[in-house]
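K.L.:
Please see the structure below; I have some questions.
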């Protein structure tokens, strides 16, 4: 038994000595490798990635020409450097600076610039083996600030039935936007719009708020707004909504005798109706739009007159009709010239004796063929109403009214003038 125990102890002792020897050999090998590396290979390459690229134009030709850096094709670079193992072994991107070399940049546009690498600590020594990429494309331009008039875009807004809205009436407050950016980009701006993206059907004028700006070039293409800066505004947009209605056109017949049937008058209009829009509900109250007044005595056989269609400033003529022509329809009508000798005076002042000096008043009449054929002088009443006259002389001219009591569809053409003699009444004549 003692022999077996002695053998076991010898085996364990031998194994322990071997493990120590193995560990010691490994440590020794590392030390020898390190000493050989430093002695035989004192420099080593090291690749460092994602070093931020800096572009500083201070004191350069770009700065002296009023240029600014607008954009850069490179944000970070990768570099391989060589140097003393002990010095660069722990280098990272934080220890290096990548800089674009800004030289001979005298005008706006793209420039290809070299990239250089340096250490943040001036006493660090190394050699640059490679830079990837080795060059950067930089856009230079002059920064400018300009104001642009704003239009309004609201592509998803619609007007309810019987309502109308026009994008030309959309109002934006403030009316302008201030934009800072590269001059060449600002030069391309043809139109600036504030966008209302709401989707809604409107029954009345509505107000929206938006700060979204869209820019367009002369071909209505959208402009890339990268590198542009806008004043921070919340725009108020008013969307006017109008009531719209189709109205028949009519005229106002003036100076017609009470016996005349105005509905029988056949006047043709070149336009029968017009569509109008109003910012309120006033159109609900009317069905006709009057184009003007027509004195009955102006309507002769060849009557043809053009009227301007006038609407209030806050209304809109959706038919885009500016004039209408009114013409007498002579179908079924006839005309003839008549003379009247008996002219009555109405409402003469009590302090004057008034008489008609005119004799044989002659004028043209128009009416249905059968009426014109029958009418004689005894069917015509000519009278002068002095109530509207302030008599200041012994003789003056007054307007005569012509009527046809038994013929409601006949009228006289022209304004008939008669001479009136006015003699003051004396006191003796009054007493007698």
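K.L.:
Tally the residues that are touching a strand residue (DSSP E or B) at 6+ places or on another chain (Cβ under 7 Å) and on the phi > 0 side of the Ramachandran plot, restricting the search to the range 314-361.
P.N.:
3
K.L.:
Looking at this structure, is residue 150 part of a strand (DSSP E or B), assigned by TED's automatic domain parsing to the domain that holds residue 166 and out of contact with any helix residue (DSSP H, G or I) (no Cβ under 7 Å at 6 or more places or on another chain)?
P.N.:
yes
K.L.:
Filter the range 402-419 down to the residues that are buried (at least 18 other Cβ atoms within 10 Å of the Cβ) and in a strand (DSSP E or B), then identify the one that is farthest from the chain's Cα centre (by Cα).
P.N.:
418
K.L.:
State all residues of the range 374-389 that are part of a loop (DSSP other than H, G, I, E, B) and farther than 18 Å from residue 355 by Cβ; if no residue qualifies, say none.
P.N.:
Within the range 374-389, 375, 376, 380 meet the criteria.
K.L.:
Moving on. List the strands (runs of 3 or more DSSP E) that sit entirely inside the range 164-262 and contain at least 1 residues that are touching a residue at least 40 places away in the same chain (Cβ under 8 Å), assigned by TED's automatic domain parsing to the domain that holds residue 319 and more than 18 Å from the chain's Cα centre (by Cα).
P.N.:
Qualifying strands (runs of 3 or more DSSP E): 242-254.
K.L.:
Please state which one of 104, 90 is over 19 Å from residue 53 (Cα atoms), exposed (fewer than 15 other Cβ atoms within 10 Å of the Cβ), touching a residue at least 24 places away in the same chain (Cβ under 8 Å) and not assigned by TED's automatic domain parsing to the domain that holds residue 183.
P.N.:
Result: 104 is the single residue among 104, 90 that is over 19 Å from residue 53 (Cα atoms), exposed (fewer than 15 other Cβ atoms within 10 Å of the Cβ), touching a residue at least 24 places away in the same chain (Cβ under 8 Å) and not assigned by TED's automatic domain parsing to the domain that holds residue 183.
K.L.:
Residue check: is residue 160 farther than 30 Å from residue 210 by Cβ and touching a residue at least 24 places away in the same chain (Cβ under 8 Å)?
P.N.:
Working: farther than 30 Å from residue 210 by Cβ: no; touching a residue at least 24 places away in the same chain (Cβ under 8 Å): yes.
No: the conditions fail for residue 160.
K.L.:
Give just the number: which of (1) touching a strand residue (DSSP E or B) at 6+ places or on another chain (Cβ under 6 Å); (2) closer than 18 Å to residue 258 by Cα does residue 406 not satisfy?
P.N.:
Of (1) touching a strand residue (DSSP E or B) at 6+ places or on another chain (Cβ under 6 Å); (2) closer than 18 Å to residue 258 by Cα, only one is false for residue 406: (1).
K.L.:
Quick one: which residue in 238, 201, 212 is loosely packed, with under 14 Cβ neighbours inside 10 Å, farther than 30 Å from residue 68 by Cβ and in contact with a strand residue (DSSP E or B) (Cβ under 9 Å, 6 or more places away or on another chain)?
P.N.:
201
Yes/no per residue for (1) more than 30 Å from residue 74 (Cα to Cα); (2) surrounded by 15 or more Cβ atoms within 10 Å (Cβ to Cβ); (3) in contact with a strand residue (DSSP E or B) (Cβ under 7 Å, 6 or more places away or on another chain):
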| residue | (1), (2), (3) |
| --- | --- |
| 127 | no, no, yes |
| 134 | no, no, yes |
| 141 | no, yes, yes |
| 164 | yes, yes, yes |
| 175 | yes, no, yes |
| 182 | no, yes, yes |
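K.L.:
Next question, about the same structure. Being in a loop (DSSP other than H, G, I, E, B) and out of contact with any helix residue (DSSP H, G or I) (no Cβ under 7 Å at 6 or more places or on another chain) is the filter here; which residues of the range 69-102 pass it?
P.N.:
Listed by number, the residues that qualify are 73, 74, 75, 89, 90, 91, 92, 101.
The values are calculated or read from the model by the stated rules, or taken from the named source; none is laboratory data. All values reported here derive from a predicted model rather than from experimental measurement. Positions of Cβ are generated from backbone atoms using ideal geometry, with glycine treated the same way; all protein chains shown enter the neighbour counts.
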